[in-house]
Amino acid sequence: MMGRHDPVEFAAMPFNDLGAQRRRLAGKIDQAILRVLERGDFILGLEVEELEAELAAFCGAKEAISCSNGTDALALVLMALRVKPGDAILCPSFTFAATAEVIAWFGATPIFVDVHPGTFNMDPASLEAGIATARQLGLNPAGVIPVDLFGQPADYDALLPIADFHGLWCLCDAAQSFGSDYKGRKVGSIGLAASVSFFPAKPLGCYGDGGAVLTSDVELARTIRSLRVHGQGTDKYDNVRIGLNGRLDTVQAAVLLQKLTVFRDEIAARNRIAAAYTKALSDVVRVPVVLDRCISVWAQYTLRVDPGRRADLAAALKRRGIPTAIYYRKPLHHQRAYQDYPRAATGLRVSEKLAEEVISLPMHPYLDEQSQDRIIEAVREAVVP
Ligand SMILES: *Cc1c(COP(=O)(O)O)cnc(C)c1O
């Protein structure tokens with residue numbers, strides 16, 4: 001048994017240990033990259049096609065269109081749907097800026113909606129209120145972008161009927177949740193489309209920027225493939241629509257194909273760690289709520305503590321070499337760039353409260369039991385008076 005002041009116990013641990021995954025896959029990833037370097041098909045090469053087939057199969061979508069990053073994945077869908085000024089798109093305020101940013105790119109109006117305090121995901125009642133707000137402002141509610149925050153799917157059985165009733169399409173921002181399950185279905189097979197990010201720190205990350213759109217709407221997929229390459233028609237120099245350069249590099253696809261071979265195993269590991277955290281901490285802090293028959297990929301494991309105690313908890317953990325992170329310190333409707341956009345008339349009280357309460361613990365598939373115990377013990381000691 002190690003003493004409380006054993007130096008080993010105080011060695012700093014990483015928040016997200018990409019190095020451990022790298023050690024597991026190093027030989028295979030190096031070989032895969034080398035094959036691309038030797039072949040030289042850097043743009044839309046062999047592995048891009050292979051990856052798209054695997055991503056689609058993984059989540060049960062008809063089509064996967066890889067692209068430059070998770071933000072462009074969102075934008076490609078909005079572009080294909082011809083989102084325009086006068087359109088209102090409903091999205092949560094408690095999310096990463098990219099979700100609302102892409103709406104503004106097209107001159108449409110993001111309308112901020114509140115979230116559920118337990119799951120951090122879009123609150124259906126607030127979505128209803130936001131749609132009413134859009135109409136009161138003379139805007140055309142066109143779509144909704146629920147976010148699967150911290151790796152757990154939003155409550156689509158509650159959200160989709162509301163979207164359908166009001167004639168809204170649903171684009172799932174699955175940047176953090178690729179690989180997760182919603183009541184027996186994989187994210188990517190829900191709604192009109194889902195956007196994914198392969199940013200290095202996401203549950204499935206590459207070695208740079210990357211993303212994908214998943215959809216079973218074959219026509220939408222065809223349009224997005226064209227938009228991804230400058231709106232190309234029959235060939236490279238035939239332009240039938242205004243698009244962008246939004247491709248995924250072949251090298252990144254080769255990296256992702258190798259990482260996909262261990263992804264299911266990593267999701268299982270993340271779930272074991274989350275279960276250990278929840279079991280050991282639920283009596284002293286508010287732990288994240290996972291909906292019945294849903295499986296999160298735990299992009300983050302996020303606690304809620306009383307606002308006055310969050311800084312102390314972070315400092316206490318830091319003294320013991322345990323890093324924490326706060327996602328997100330400011331809801332989007334409090335950010336300078338987004339503060340003037342409309343909000344659901346019933347308010348965004350939960351988003352505002354969460355911004356003061358949330359704190360995320362180290363979470364990655366290679367967090368060993370000794371480290372888990374060290375984190376659990378440190379949290380308990382810090383919060384139990
Ligand atoms: C990371 C993220 C994005 C953007 O993905 P990038 O690949 O960084 O462009 C969008 N939405 C959410 C919720 C994210 O977490």
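The values are calculated or read from the model by the stated rules, or taken from the named source; none is laboratory data. It should be emphasised that the depicted structure is a prediction, and the values quoted were computed from it without experimental measurement. Reconstructed Cβ throughout: ideal geometry from the backbone, glycine too, with neighbour counts over all protein chains shown. Heavy atoms of the whole protein, side chains included, go into the accessibility calculation; ligands, DNA and RNA do not. Shrake-Rupley method; radii C 1.70, N 1.55, O 1.52, S 1.80 Å.
Filtered by the rule that a residue be buried (at least 24 other Cβ atoms within 10 Å of the Cβ) and either hydroxyl-bearing (Ser, Thr, Tyr) or near the ligand (Cβ under 9 Å from one of its atoms) (or both), the stretch 181-203 gives SER195, VAL196, SER197, PHE198.
Scanning the stretch 111-161 for residues that are touching a Gly at 6+ places or on another chain (Cβ under 6 Å) and either without any contact (Cβ under 8 Å) to a residue 40 or more places away in the chain or within 18 Å of LYS353 (Cβ to Cβ) (or both) turns up just one, VAL113. Only one of the listed residues (SER93, SER126) is touching a Phe, Trp or Tyr at 6+ places or on another chain (Cβ under 7 Å), under 30 Å from LEU303 (Cβ atoms) and hydroxyl-bearing (Ser, Thr, Tyr). That residue is SER93.
So that you can scan it fast, the table gives a plain yes or no per residue for (1) open to solvent by 30 Å² or more (accessible area, probe 1.4 Å); (2) outside any helix (DSSP H, G or I):
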{"position": "LEU303", "(1), (2)": "no, yes"}
{"position": "LYS318", "(1), (2)": "yes, no"}
{"position": "LYS330", "(1), (2)": "yes, yes"}
{"position": "ARG336", "(1), (2)": "yes, yes"}
{"position": "ALA345", "(1), (2)": "yes, yes"}
{"position": "SER351", "(1), (2)": "no, no"}
{"position": "SER360", "(1), (2)": "no, yes"}
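For the stretch 265-285, a residue qualifies if it is of a type outside the set (A, V, I, L, M, F, W, C) and touching a residue at least 60 places away in the same chain (Cβ under 8 Å), and the qualifying residues are ASP265, GLU266, ARG270, TYR277.
Among the candidates LEU90, LEU81, LEU74, single out the residue that is near the ligand (Cβ under 10 Å from one of its atoms), touching a residue at least 12 places away in the same chain (Cβ under 8 Å) and within 15 Å of LEU192 (Cβ to Cβ).
Working: LEU90 fails: near the ligand (Cβ under 10 Å from one of its atoms); LEU81 fails: near the ligand (Cβ under 10 Å from one of its atoms).
Just a single option satisfies the conditions, and that option is LEU74.
Can you tell me which residue among ARG222, ARG228, ARG241 is of a type in the set (Lys, Arg) and crowded, with 21+ Cβ neighbours inside 10 Å?
Numbers: ARG222 fails: crowded, with 21+ Cβ neighbours inside 10 Å; ARG241 fails: crowded, with 21+ Cβ neighbours inside 10 Å.
Every option except ARG228 fails the conditions.
Condition check ((1) in contact with a Pro (Cβ under 9 Å, 6 or more places away or on another chain); (2) modelled with pLDDT under 95; (3) of a type in the set (A, V, I, L, M)) across all residues:
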{"position": "GLN252", "(1), (2), (3)": "no, no, no"}
{"position": "ARG264", "(1), (2), (3)": "no, no, no"}
{"position": "ASN271", "(1), (2), (3)": "no, no, no"}
{"position": "ALA274", "(1), (2), (3)": "yes, no, yes"}
{"position": "CYS294", "(1), (2), (3)": "yes, no, no"}
{"position": "ALA299", "(1), (2), (3)": "yes, no, yes"}
{"position": "ILE326", "(1), (2), (3)": "no, no, yes"}
{"position": "ARG329", "(1), (2), (3)": "no, no, no"}
{"position": "MET363", "(1), (2), (3)": "no, no, yes"}
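Determine whether GLY118 is within 16 Å of the ligand (Cβ to nearest atom) and in a loop (DSSP other than H, G, I, E, B). Here the answer is no, as GLY118 does not meet what is asked. Taking (1) in contact (Cβ under 8 Å) with a residue 24 or more places away in the chain; (2) under 28 Å from PHE198 (Cα atoms) in turn, ASP312 satisfies each apart from (2). Scanning the stretch 162-180 for residues that are in contact (Cβ under 8 Å) with a residue 60 or more places away in the chain and open to solvent by 40 Å² or more (accessible area, probe 1.4 Å) yields a single hit, TRP169. Filtered by the rule that a residue be over 19 Å from GLY70 (Cα atoms) and open to solvent by 10 Å² or more (accessible area, probe 1.4 Å), the stretch 88-113 gives GLY107, THR109. When ASP148 is tested against (1) open to solvent by 10 Å² or more (accessible area, probe 1.4 Å); (2) among the acidic types (Asp, Glu); (3) in contact with a Phe, Trp or Tyr (Cβ under 9 Å, 6 or more places away or on another chain), just one condition goes unmet, and that condition is (1). With the condition kept exactly as written, say whether any residue in the stretch 169-176 is more than 22 Å from HIS364 (Cα to Cα), within 16 Å of the ligand (Cβ to nearest atom), of a type outside the set (Lys, Arg) and in contact with a helix residue (DSSP H, G or I) (Cβ under 7 Å, 6 or more places away or on another chain). Yes, the conditions are met somewhere in the stretch 169-176. Within the stretch 362-372, the set of residues being open to solvent by less than 60 Å² (accessible area, probe 1.4 Å) and either among the small types (Gly, Ala, Ser) or under 16 Å from ALA280 (Cβ atoms) (or both) comprises PRO362, MET363, LEU367, SER371, GLN372. If you go through the stretch 246-301 and keep only what is under 23 Å from ARG380 (Cβ atoms), open to solvent by less than 20 Å² (accessible area, probe 1.4 Å) and in a strand (DSSP E or B), you end up with just TYR301. Against the conditions (1) away from the ligand (no atom under 16 Å from the Cβ); (2) under 18 Å from the mean Cα position of the chain (by Cα), ASP41 satisfies every one except (2). In the set GLY179, GLY191, only one residue is in a loop (DSSP other than H, G, I, E, B), at pLDDT 95 or above, under 15 Å from CYS59 (Cα atoms) and out of contact with any strand residue (DSSP E or B) (no Cβ under 6 Å at 6 or more places or on another chain); that residue is GLY179.
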